[in-house]
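The values are calculated or read from the model by the stated rules, or taken from the named source; none is laboratory data. Because the structure is a prediction, the values reported are computed rather than measured. All Cβ positions, glycine included, derive from the backbone under ideal geometry; neighbour counts span all protein chains shown.
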Ligand code: CTP
Ligand code: MG
């Protein structure tokens, strides 16, 4: 068998996003519930053939970038330059181990595994490949007044990611002397190297102007289906234990006993998220037999489940948690729990509900022997 191809993904996110406007550069602006750049990171992270992810950001954007990346698996964050090609070059410097590179605009957030597959397949026989779409509109020269029509037959639109043998792209960058270039394939072609075409994707259209945000969200919504998951958990109340509920510590005469911090609300929530994803339950991901989870904070279980959803290209729309106990009274703690859970999930507090009920002193919760929790998670996932 031939040795496996090593393929680095370089995401260029060092632009200023001047045409898009807004409070921060477009690649860090919120799109479908999270910073735009994270969509591309997740797409590469979820692809088994990508061995390295390099993110290129502008000088002064480091904090914004780190904040956006969070726990996503980015191997290096490097600083780009004044022009797009300077940013690509900075990314290439960090990709010296890779035989192949996929150069991708952060401004094209909705990258499918199918497009990555098509490019990687092309790289098995070609030195360079790009996704293309036909031009379907009438084209004319002119700015204020319409000038002559440009024949659109034989024209095509070129997208990213663009796939290259790394050393060829490096050579092309070294040899390029023609000023700012909007993509890398034109530099490779200037060397006389053939660039193969694969089918592009409308979802990959670049977000450039303010109105492109709403259009991209609408396109994405059409590609996602809603899924619901539920979770249920019970822990025993015991003397001498801390009480953790909904991600916060509560002062109470007793606490919940269990292998981790026994936060019954977060355990039910984790199961609801995993249920919506269709990926086992908390026990399969964090076996109670594993000593590393002894006394562990349960927020990491929730964060992990949320991350699995995001990595698969999904988003969390809403969660609803119900605590079932006589004491403590949950009402006074509800705002803090909502804040904590919203932070774990990376969503707005408006999308987090925490409720509580008693069982009229009936059953084990009524007798104060334990606390039960139920949770429902509503998520949206890409259509298979
Ligand atoms: N880019 C980059 N470094 C630059 C310029 C652009 O990494 N010096 C990146 C952008 O962040 C974007 C991609 O290249 O992901 C395509 O560029 P474009 O859509 O032009 O983005 P901006 O340059 O940020 O936008 P504008 O031209 O409107 O300022
Ligand atoms: Mg630009």
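Can you tell me how many residues in the stretch 9-21 are away from ligand 2 (no atom under 12 Å from the Cβ) and surrounded by fewer than 13 Cβ atoms within 10 Å (Cβ to Cβ)?
So the answer is 1.
How do the strands (runs of 3 or more DSSP E) wholly within the stretch 310-384 filter down when requiring 3 or more residues that are in contact with a helix residue (DSSP H, G or I) (Cβ under 7 Å, 6 or more places away or on another chain) and farther than 30 Å from residue 44 by Cα: which remain?
Result: 315-324, 370-382.
List the helices (runs of 4 or more DSSP H) that sit entirely inside the stretch 101-194 and contain at least 1 residues that are assigned by TED's automatic domain parsing to the domain that holds residue 81 and in contact with a helix residue (DSSP H, G or I) (Cβ under 6 Å, 6 or more places away or on another chain).
Those helices (runs of 4 or more DSSP H) span 166-175, 185-190.
Only one of these conditions is not met by residue 59: (1) within 12 Å of ligand 1 (Cβ to nearest atom); (2) crowded, with 18+ Cβ neighbours inside 10 Å; (3) over 30 Å from residue 124 (Cα atoms). Which number is it?
Tallying (1) within 12 Å of ligand 1 (Cβ to nearest atom); (2) crowded, with 18+ Cβ neighbours inside 10 Å; (3) over 30 Å from residue 124 (Cα atoms), residue 59 fails exactly one: (2).
Based on what the data block shows, is residue 260 over 30 Å from residue 384 (Cα atoms), assigned to a loop (DSSP other than H, G, I, E, B) and out of contact with any helix residue (DSSP H, G or I) (no Cβ under 8 Å at 6 or more places or on another chain)?
Answer is no for this residue.
Name the residues in the stretch 119-150 that are closer than 18 Å to residue 166 by Cα and in contact with a strand residue (DSSP E or B) (Cβ under 7 Å, 6 or more places away or on another chain), would you? Steps first, answer last, please.
Quick first cut of the stretch 119-150, residues closer than 18 Å to residue 166 by Cα only: 119-131.
Within the stretch 119-150, 119, 120, 122, 123, 126, 127, 128, 129, 130, 131 qualify.
Quick check on this structure: which one of 155, 139, 204 is away from ligand 2 (no atom under 16 Å from the Cβ) and touching a residue at least 40 places away in the same chain (Cβ under 8 Å)?
On inspection, the qualifying residue turns out to be 204.
Between 363, 331, 368, which is in contact with a strand residue (DSSP E or B) (Cβ under 8 Å, 6 or more places away or on another chain) and at positive phi? Break it down stepwise before answering.
Details: 363 fails: in contact with a strand residue (DSSP E or B) (Cβ under 8 Å, 6 or more places away or on another chain); 331 fails: at positive phi.
Result: 368 is the single residue among 363, 331, 368 that is in contact with a strand residue (DSSP E or B) (Cβ under 8 Å, 6 or more places away or on another chain) and at positive phi.
Can you spot a residue in the stretch 40-62 that is part of a helix (DSSP H, G or I), more than 23 Å from residue 112 (Cα to Cα) and at pLDDT 95 or above? Before the answer, list the steps.
To start, the set of residues in the stretch 40-62 that are part of a helix (DSSP H, G or I) comprises 40-45, 62.
Filter again for more than 23 Å from residue 112 (Cα to Cα), leaving 62.
Remaining after also requiring at pLDDT 95 or above: 62.
Yes, the conditions are met somewhere in the stretch 40-62.
Go through (1) surrounded by 14 or more Cβ atoms within 10 Å (Cβ to Cβ); (2) within 23 Å of residue 273 (Cα to Cα) for residue 384 and report which single condition fails.
Only one criterion in (1) surrounded by 14 or more Cβ atoms within 10 Å (Cβ to Cβ); (2) within 23 Å of residue 273 (Cα to Cα) is unmet by residue 384, namely (1).
Condition (residue is more than 16 Å from ligand 2 (Cβ to nearest atom), under 16 Å from residue 95 (Cβ atoms), over 13 Å from the mean Cα position of the chain (by Cα) and assigned to a loop (DSSP other than H, G, I, E, B)) applied to the stretch 64-77: is it met by at least one residue?
Looking through the stretch 64-77, at least one residue is more than 16 Å from ligand 2 (Cβ to nearest atom), under 16 Å from residue 95 (Cβ atoms), over 13 Å from the mean Cα position of the chain (by Cα) and assigned to a loop (DSSP other than H, G, I, E, B).
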